[in-house]
1. Would you report the distance distribution of C-alpha pairs in the range 2-77 as whole percents per 5 angstrom bin, up to the bin with the largest distance?
2. If you average the C-alpha positions of the range 144-164 and of the range 258-287 separately, how far apart do those two centres end up, in angstrom?
3. Between N51 and K328, what's the calculated FRET efficiency when r is the beta-carbon distance and R0 is 45 Å? Round to 0.05.
4. Using DSSP to define loop residues, name the GluC sites (Glu not before Pro) in the range 62-119 whose beta-carbon has at most 15 other beta-carbon atoms within 10 Å.
5. Taking the Cβ-Cβ separation of H266 and S86 as r and a Förster radius of 41 Å, what is the calculated FRET efficiency to the nearest 0.05?
6. Add -39500 (n - 2.57) for each DSSP H run of 4 or more in the chain, then divide by its residues: what number comes out at 222 nm, to the nearest 500 deg cm²/dmol?
7. In the range 194-283, which trypsin sites (Lys or Arg not before Pro) fall in coil by DSSP and have 15 or fewer other Cβ atoms within 10 Å?
8. Tell me, what HN-Hα J-couplings in whole Hz come from the Karplus equation 6.51 cos²θ - 1.76 cosθ + 1.60 at θ = phi - 60° for each residue of the range 303-311, using x for Gly and Pro?
Amino acid sequence: MRYTKVMIQVQENASLVQYSTMRLGGSARYLVEIASEDDLLESLKFASEKNLKIHVVGTGSNTIFQDEGFHGLVIVNRIIGVTEESHDDTTVLTVGAGENWDDIVARSVNLGHSDIAVLSMIPGTVGAAPVQNIGAYGQQISDSIVSVRAYDTNTSEFSEVSKEACEFSYRHSRFNSTDKDRFIITSIKMRLCRKTIKPPLYADIEKYFTSNNIVAESVTPQDLRAAVIHIRSVKLPDPSVVANCGSFFKNPVITNGHFQDFKKKHPEISSTPDGWSQPPYWNLPDNTVKLAAGWLVEQAGFKDYHDAKTGMATWKNQSLVLINESAKTTVDLTAFKEMIVSSVYEKFGITLKQEPELVAA
């Protein structure tokens, strides 16, 4: 059945499996795909008239739906469009929230910028990027954000949220914390200005350049993107082929004091594991240390682990990624996740935090 308005078509009892790259979950009471801010307003009007809660999703690469589905209106953001403003060596991009993130990275590289080049091949849409403050290899989207345009459900108005007002930190923003579900992002504005990137680079990237006879001091944005695409293609499964939500756990950040105690109990963390290019931790500028969650998972016994009972597994080349081999329910996924979390805590005294959002029914 479909409910039809002038600008939108609302589906009823729509399966949510295709709207999560983990390919699990029940049905949405209602679902609508929007292509403009006017569509969004019409959708919100529909939800208000029926007294429905809402949930906004892009490709679902960071979303997990429960088996009960969603008892309100799921809004699938398909707002696209890109505008460029050039000022000397700087380019300002304003990008629709429904655009594919990697397409925008490719565009920035073609324009000669390296600002977001190492964020290549991160799945998902542009609108989801600032919510999680996506990052990789020392870059975060917050480094380039100027502002985020969003509908504020508290004021019922569109507003421009400045970079400073987004409250960015590691995998954090106001959009996934203090103001979760308050804002619906419709576009972002980024300033790109870097033409090169200075060494030292992350070990994986430097290793790629060395093996391809690329001098690190003369790396182009195209070189940087090619390196990351190669690395991620080897390490990570394509969600369009293998059901997964990318990195399932956040890399835990601990104080330097905690790390010194940790290293005494687990001296093996100072060694470079087979297949790794460095020890599984990074010293951060604020005197904290980020641990590799994938290493913790491996050390807890879940390297290339396949669980017949739940139908879940860890990816063969990156234990941080949980893949759905034959799971039929989100309950299966949750049971597998809890098994890993419990084992890591028992061995290391560290509680892993889930990165993909589990949407309440």
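1. Using 5 Å bins, I get a P(r) of 4, 18, 30, 25, 15, 7, 1 for the range 2-77.
2. 38 Å
3. E(calc), rounded to 0.05, equals 0.90.
4. Sites meeting the loop and neighbour criteria: E68.
5. Numbers: r = 51 Å, r/R0 = 1.24.
Result of the calculation: an efficiency of 0.20.
6. On the way: 8 runs with 85 residues, N = 361.
It comes out at -7000 deg cm²/dmol, rounded to the nearest 500.
7. Answer in residue order: K195.
8. The phi angles translate into 6, 6, 9, 10, 10, 5, 5, 9, x Hz.
No value in this document is a laboratory result; all are computed from the given coordinates. Quick caveat, the model's predicted, so the values are computed rather than measured. With ideal geometry, Cβ positions are generated from the backbone for all residues, glycine too; neighbour counts draw on all protein chains shown.
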